[in-house]
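Here is the structure we will look at.
The values are calculated or read from the model by the stated rules, or taken from the named source; none is laboratory data. No experiment lies behind these values; they were computed from the predicted model shown. Note that each Cβ is placed from the backbone with ideal geometry, even for glycine, and that neighbours are counted across all protein chains shown.
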Amino acid sequence: MSVENKKQVFNQTPTGALVLANGEVFYGQGCGATGHAVGEVCFNTAMTGYQEILTDPSYTDQVICFTFPHVGNTGTTPEDEEASTGKAQNAARGAIFKAPITPASNWRSENELGAWLEQRGIIGLSGVDTRALTAFIRDNGMPNGVIAHAPDGKFDIDALAAQASSWDGLVGADLASGVTTDASFDWREARWVWPDGYADKEGVKSVVLIDYGVKRNILRNLVSCGMKVTVVPASTPAKDILALKPDGVVLSNGPGDPAATGEYAIPVIQEIIAADKPILGICLGHQMLALALGAKTVKMDQGHHGANHPVKDYTTNKVEIVSMNHGFAVDQKSLPDTVIETHVSLFDGSNCGIQLKGKPVFSVQHHPEASPGPQDSFYLFERFAEAL
């Protein structure tokens, strides 16, 4: 469909647009913040949890196409924020919806999604054929694109396409340094419990979490499993981490290319392994643990983004449904003999977990903390607690 024909689909002037690097344009109605932003366009198949998704630091420099048709019906609440630090709050660059934002109808809602997007500086776009965009990504990979919102409906499409095509993308990008905490802090908040919400809990075992862009629910799960958590910046030297005398170390999730972040993170991880500390890695932390053990990572065509992914745990032969959010993966063929593959995706067979032979050093590609998504993988935090 030509650009002009796409414009004629609307009975009103389009006020929003997604312009891909190849010049393809998806028109719609803008919402949230005005202006334009460049990022990698991906799709997420989760049916709920849009606020948790949009505040997950792992989505830094990405534009998210939601495949679920109705978004906004639960509103927003500060309790559902997932970024743990202020500078990580505005991770996603934009959000794309099929239908206009649904009015909030939920007892926990404190703000409408559209107003929340505007306050957070996130550009929204509705009225897009999200199935067509999703199919394009499945066939061609995750493209660079510019999402734009102009209330007057005026767009310089050529300039936006040029911006999209000239953007460097995520390969080779160390984004963790932009979302990590600036200073160490302690975390004592545990999981949300009905009807009281969140409450602090005093743990017994001490762990240090290296923050590459950690989600709050990872911290809460660690606390709920009896741990005292200290969060440190991504660039913290190993000697400073070991000086805290932790019982274990957690490598958090985060955005960007693991090989790029690994330039300063891998030597730290290797020193911690040599110190015989139990280690749990999650998502980006999983990828960098694999790199530290001698494996390699690769860029995925479409990535895994959703809350309905089946993963098999080879250690128990059980299948769990998990949340995922990653555009890079560990290359299974590169795993050294010292590493066991523990989890695998049943969608495409890609690696989803490893363990170092003979040591309590293990990691998973998926998000065991969920938020959003099923809680099938909470056992991994208990497994780590037992390893301590």
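Quick look at the values:
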| item | result |
| --- | --- |
| Number of the condition not met by residue 143 [criteria: (1) more than 20 Å from the chain's Cα centre (by Cα); (2) touching a residue at least 24 places away in the same chain (Cβ under 8 Å)] | (1) |
| Matching option when the condition is part of a helix (DSSP H, G or I), crowded, with 20+ Cβ neighbours inside 10 Å, among the aromatic types (Phe, Trp, Tyr) and modelled with pLDDT of 95 or more, among 362, 384, 378 | 384 |
| Selection from the range 296-328 of residues that are among the charged types (D, E, K, R) and part of a strand (DSSP E or B) | 299, 301, 312, 313, 318, 320 |
| Some residue of the range 260-282 being within 23 Å of residue 175 (Cβ to Cβ) and part of a loop (DSSP other than H, G, I, E, B) | no |
| Top-ranked residue of the range 65-81 - restricted to ones that are of a type in the set (D, E, K, R) and outside any loop (DSSP other than H, G, I, E, B), ranked as surrounded by the fewest Cβ atoms within 10 Å (Cβ to Cβ) | 79 |
| Criterion violated by residue 322 - all others in (1) closer than 20 Å to residue 170 by Cβ; (2) modelled with pLDDT of 95 or more satisfied | (1) |
| Qualifying residues in the range 122-146 (those that are touching a helix residue (DSSP H, G or I) at 6+ places or on another chain (Cβ under 9 Å) and outside any loop (DSSP other than H, G, I, E, B)) - the one surrounded by the fewest Cβ atoms within 10 Å (Cβ to Cβ) | 144 |
| Any hit, the range 192-213, residues being at positive phi and buried (at least 23 other Cβ atoms within 10 Å of the Cβ) | yes |
| Where a residue in the range 118-132 is over 13 Å from residue 89 (Cα atoms) and its partner, wherever it lies, is of a type outside the set (Asp, Glu) and in a helix (DSSP H, G or I), with Cβ under 6 Å and at least six apart | 124/117 |
| Residue 119 being among the polar types (S, T, N, Q) and over 18 Å from the mean Cα position of the chain (by Cα) | yes |
| Matching residues in the range 147-157 - criterion: being surrounded by 13 or more Cβ atoms within 10 Å (Cβ to Cβ) and either without any contact (Cβ under 8 Å) to a residue 60 or more places away in the chain or outside any loop (DSSP other than H, G, I, E, B) (or both) | 147, 148, 149, 156, 157 |
| Residue satisfying all of: in the range 82-118; among the charged types (D, E, K, R) and either more than 27 Å from residue 180 (Cα to Cα) or surrounded by 17 or more Cβ atoms within 10 Å (Cβ to Cβ) (or both); modelled with the lowest pLDDT among these | 108 |
